[in-house]
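What follows is a short report on a single structure.
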Amino acid sequence: MFGRGWEEAEATVVAVKDLTNWSGDPDSASTQSRPHEYVVDVRPASQPPFRAKFRDPYVRGHMDHPGEGQVINVLCQPKSQKVKLITDEWKYSSGKGKDEKQAEDERFDAAEHGSPGQPAAPSPEGSAADQLTKLGERHERGELTDAEYEAEMEKVWDRELGLPRRS
């Protein structure tokens, strides 16, 4: 389905190492993204779970990188226990994620068609309710630990509402 012996699986990122031997220009879209190395717990459908180490692929342009504790989709060969990222899920040519790029485009379009004296557009993060909903979704997907989730919620409450959070 994905090439010889490769199958899609879910994996939890256990550790990430930024490889310092990278010599590309981070501001250039024509250089390779800074490489990372990962330790992941892989859960293939056809075999028992296993732990593996791998490097992300070298790609032209910007690539987002999974973080520790994040649950991601990977390709794996369960018998040899080889793992690789599904590059298309992480590669972005603009240096921004798809949602971030879309929000930026929408703010720009709103500003372009607005009247003089009007604010450019709503906050890039959206309303406080939107931000809290997104944080809850990320927490449920395992992208944020309990502590990270609580800390981010505190920031939203403080920044957007100007109120201390009530337990």
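Residues whose amide H comes within less than 5 Å of that of Arg51, counting only those at least five positions distant or on another chain, are Val42 (H built at 1.01 Å from N in the peptide plane). Hey, with R₀ at 35 Å, roughly what FRET efficiency would Thr145 and Lys79 work out to, going by the Cβ-Cβ distance, to 0.05? Working from the Cβ atoms, E equals 0.60. Working ranking of peptides 76-89, 144-157 by packing, defined as the average number of other Cβ atoms within 10 Å per residue, highest first, is 76-89, 144-157.
Any read-out appearing in this document is the output of simple, stated calculations on the displayed coordinates, not a laboratory observation. Model, not experiment: these values are computed from the prediction. Reconstructed Cβ throughout: ideal geometry from the backbone, glycine too, with neighbour counts over all protein chains shown.
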